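Colleague: Quick one: the structure is below, and I'll ask about it shortly.
Nothing in this text is a laboratory measurement; each read-out follows from the coordinates by a stated rule. Owing to the predicted nature of the structure, the values given are computational and were not obtained by experimental measurement. Please note: Cβ atoms are built from the backbone with ideal geometry, for glycine as well, and neighbour counts cover all protein chains shown.
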Amino acid sequence: MDNGELYLQDSCHLSNQYCPACNQLFAADLSSCPRCGATLSGAEETWRRDTTMLTAEGAGSDPPTTEIELDQLLLPGQTLDIYQCQKMLGRGGMGVVYLARNTSLQRLCALKLLSPRKVSREFDYVKRFENEGRAAAALVHPNVVTTHAIGRVDEFHFLEMEYVSGGSLQTEVDNEGAIGPIRSTSMAVGIANGLSMAHRLGIVHRDLKPDNVLVTPGGVPKIVDFGLAKRVMGDDLPSSNLAGTPYFMAPELFEGEQASPASDVYALGVCYYLMLTGKFPFEGESVSALMKSILTAEYTSVRRVNEEIPLDVAECVAMLLNRDPRQRPKDGAAASQLLQAVLGSARDLDNLIYDAFNGLPNIDWESDDEGGFRVHLKLRDERAQTVFVENSEHAAGDRLLMIYSICCEANPSFYEEALRLNAVVHHGGISIRDIGGRPYFVMIDTYPRATVSGEDIRRSAIELGMRADSIEFRLTGRDVN
């Protein structure tokens, strides 16, 4: 058997069933999806891997097929115009993607070819394909797969795209399960950044999912596949056309609303949940059951799945998956801002404190029962001062790191002098803070939790401690702290 025959056999194997809800490829003789457990029955057996366009049962023509005639597949080494195909990277309802070499520019690329059979069956198929190409070509961003060219050779319509040698995000989750809060959040930030550029240009992805996020060998996520859609049949589905993959579709889409940047943000939330837990937030044995779950059920918090996931991360997931689109980040830019804040706060405070003070003479620190730290400074003339470092109680994305040091009790007789001192303080400020039920003057400074560094903490703590000690001595003549 030669290589060409082997290639054809592999191609036949790849034409097996795809799960209608999550897109997992599995053998035709299985009755349920090995990834998500969805069952196939009746009309739902017609659903395939590429983007799903839902219509009420009975609407439209016969269900589409993903099959592509084998004599229309290109063999390794075969040339199509300036493209020399090396191997097939994947296939689905829209067509086939090959690793190819652009012989004119002598570079590798991913060449997506439409299925000629589908072109002949669906009058708007080429238009949807061209829409994807134009939408993708308008996006030039490190987190979006670049589209280099769109065209037609003989009966083949094609897109030439950047070749990403890594696998998909879905493959990573399938192989490893949950990938941890830091990596998950970092990946979500990259995806949100790519969405941000798309939304800025008025482009809604409509089908964001881990299968449509490629990951470079360096760990950079890149979004692919803008504008693809197909029609399917199913019970209890909306009468108007909807695009997406059911597990990642926002609740409002099932209720007949148009896809929007907020629905892309919801899909990002599902991707984030999946990366954190290895599971989907909502499940169902059929697409109809899944839809009902998305519309009415409550998902299990990521912290119940894994208690080591930080609270900030869980709060962020809740914001992205909010059933009300008005309560979610409105677009990719807002989601990116939130996720970057969470990524910064996901770094443990004890690591920041270690970076700030490790190896410095005359400084010791200890943790307290509230998750903060007390930093003890030894100053000149045998004086000492304690600086407190703790997180604020703001919601994820708005959280601050508060650094403060107690001056003395807030005696009303000190108010005027304290205000005068506050006018000349260059770092931080004098404030009144209740400690143990009693008001105290404190020197305080705050930083965004997401971006604060060990150097910021060290500089601020030493400066605030020295100024608080100076104010304490000036107001009371004593050394209490």
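Colleague: Please tell me which of these pairs span more than 30 angstrom C-alpha to C-alpha: K87/K330; K222/K330; K127/K279; K112/K330?
Modeller: Long pairs (Cα-Cα over 30 Å): K87/K330; K127/K279; K112/K330.
Colleague: Can you compute the modelled spin-label distance between V153 and D434, with each label point 7 Å from Cα toward Cβ, in nm?
Modeller: For the pair V153/D434, the computed spacing is 7.5 nm.
Colleague: Based on the mean of other Cβ atoms within 10 Å per residue, sort peptides 261-268, 245-252, 405-412, 460-467 so the most packed one is first.
Modeller: The densest-packed peptide leads the list: 261-268, 245-252, 460-467, 405-412.
Colleague: OK, next. Hey, rough spin-label estimate for N362 and T79, points 7 angstrom out along Cα→Cβ, what's it come to in nanometres?
Modeller: The answer from the label model is 7.7 nm.
Colleague: Under a point spin-label approximation (7 Å from Cα along Cα-to-Cβ), what is the D355-R474 distance to one decimal in nm?
Modeller: 3.3 nm
Colleague: Would you please give the FRET efficiency between T451 and S165, computed as 1/(1 + (r/R0)^6) with r the Cβ-Cβ distance and R0 = 51 Å, to the nearest 0.05?
Modeller: Efficiency, rounded to the nearest 0.05: 0.95.
Colleague: Please find the FRET efficiency linking Y415 to K378, where r is the Cβ-Cβ separation and R0 is fixed at 30 Å, and quote it to the nearest 0.05.
Modeller: Calculated value: 0.50.
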